[in-house]
Every structure is written in structure tokens, then in C-alpha cells.
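The values are calculated or read from the model by the stated rules, or taken from the named source; none is laboratory data. Values in this document were obtained by computation on a predicted structure and should not be read as measured data. For neighbour counting, all protein chains shown are included, and Cβ atoms are generated from backbone atoms with ideal geometry for every residue, glycine included. Just so you know, the surface numbers come from the protein's heavy atoms only, side chains and all, with ligands and any DNA or RNA stripped out. Shrake-Rupley method; radii C 1.70, N 1.55, O 1.52, S 1.80 Å.
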Amino acid sequence: MSKVFVITGPSGVGKGTLIARLLERVPGLELSISATTREPREGEVDGRDYHFLAPDEFDRRIAAEDFIEFATYSGHRYGTLRSEVRNRLEEGHSVVLEIEVQGARQVRAAMRESVQVFIAPPDPASLRRRLESRGTDSLEAIDARLEVAEQEMAAQGEFAHTVVNDDLDRAADELEGIVRAEIGIPLDSGANDQTTR
Ligand code: 5GP
């Protein structure tokens, strides 16, 4: 059964790493590529990591109602294009959205059947550590992200599922379990089963 999975949580919590594991482990699951007005980071590729749009192009796409949801985050806009989700669902795939909390709320309102997962840090200090060690943002940008993170943490109770990223392997197993249960693909005892330790 094709479903839309919304995976949210504060910047630096490890959403990207957990989602990369999830996509490797669960067949038929695809990531929606978001649009953003922020500049590409080193190594990011247009069309693979994001659709990088100029602000006026982003506005045009809003006016054309091309977005399922969009939000401003830390001074830049981010949004999910309808075509990204629709095409994948039509091909019979389930779709993962990696988005922030305001966008997650909009998807919840528009697609009540979407499955909403909040990834939480084991403690607030771990967010700063991860953002600093990632080395992709200036100290000012990290402070701005941590300020938003506080508000995002307050929204945790709105989400049907919470996965605490205390340990990457454990959290990846838990997320995989949630997704497999929703789409009805049980964990087989083959190569993908990493739960036996
Ligand atoms: P980053 O700049 O670190 O790539 O992303 C910043 C935040 O924007 C992250 O929390 C990320 O999940 C979120 N984000 C990425 N794409 C989208 C999107 O399409 N919509 C919304 N609402 N947030 C997004």
C-alpha cells in the first residue's frame, strides 16, 4: 500500500542519516526532493539534494499552487512540490518527506492519511554538537537553527510517532519498524534484519 511518510524534527537531530538508512532498507520507498531558496552547500547537487530555486521562481510556483506545503525556515523558503509526491505515488511507491514542523502540519491538514514521525534528540546539547561537527553552517546559522529547534521540540506531542535518536542503529531499526508496519511489509529474516544482536 503506497503511503506518504512525513519525517520531521529539529535541525541536527540526524533525520537525513536515518532516512538514508530507511531508504536502503525498505523496498518501494522514495524520497521527495524539496525545493528551496537557500544556496547549495558544498557537494549538494541541484535535482538530487534539492531543487534550488531563485526566490522569484519559488513565488511563481506558490502562485501556481505547485506546493503541497511550504515554510520559511531560518530566512529561507522550503517546500514540497505536488509533482514530487504525486508521480511517485502513481508509480506505486511510498514517499518520504523530510521537512520541518510547519510543513509537517500543513501536510497533516492536507493529507490526513499521511504518517507523521518526529525524530527527537536524546538531549538538547546533542543538536549543537551535531550541527558544529557537520561543519556546513556558520556559528550564526547554528544559533538560529538551535533557536528554531526549541520551538520545534515543543511540537513533538502533535506527532503520531516519536523516535529518539539516542543510538543510530537502534533509532534506524525503530523507524524501519514503523514504516514497515504502515505499508504492510514485515521485516523478513533475511539480509535486511539487523535487529538480532
Ligand atoms: P537544510 O537547510 O538543513 O537542508 O534544511 C533546513 C530545514 O528545512 C530542515 O529541518 C529540513 O527538514 C527542512 N526542509 C527541507 N525540505 C523541506 C520542505 O520541502 N518543506 C519544509 N517545510 N521543510 C523542509
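Computed quantities for the displayed model
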{"read-out": "Among the candidates Ser83, Ser94, residue that is more than 8 Å from the ligand (Cβ to nearest atom), more than 30 Å from Ser126 (Cα to Cα) and open to solvent by 30 Å² or more (accessible area, probe 1.4 Å)", "value": "Ser83"}
{"read-out": "Hey, Glu113 modelled with pLDDT of 90 or more, touching a helix residue (DSSP H, G or I) at 6+ places or on another chain (Cβ under 6 Å) and among the charged types (D, E, K, R) or not", "value": "no"}
{"read-out": "Filter result for the condition that a residue is within 11 Å of the ligand (Cβ to nearest atom) and acidic (Asp, Glu), over Asp143, Asp137, Asp169", "value": "Asp137"}
{"read-out": "Residues of segment 40-73 that turn out to be open to solvent by 50 Å² or more (accessible area, probe 1.4 Å) and on the phi > 0 side of the Ramachandran plot, as a count", "value": "2"}
{"read-out": "Qualifying positions in segment 59-80 - of a type in the set (A, V, I, L, M, F, W, C) and either within 22 Å of Arg48 (Cβ to Cβ) or within 12 Å of the ligand (Cβ to nearest atom) (or both)", "value": "Phe67, Ile68, Phe70, Ala71"}
{"read-out": "Selection count where residues are open to solvent by less than 20 Å² (accessible area, probe 1.4 Å) and assigned to a strand (DSSP E or B), scope segment 13-39", "value": "3"}
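Let's see how each residue does on (1) touching an Asp or Glu at 6+ places or on another chain (Cβ under 6 Å); (2) touching a residue at least 60 places away in the same chain (Cβ under 8 Å); (3) open to solvent by less than 10 Å² (accessible area, probe 1.4 Å); (4) under 29 Å from Glu65 (Cα atoms):
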residue	(1), (2), (3), (4)
Ile99	no, yes, no, yes
Gly103	yes, yes, yes, yes
Arg112	no, no, no, yes
Val117	no, yes, yes, yes
Ala120	no, yes, yes, no
Ser133	no, no, no, no
Arg145	no, yes, no, yes
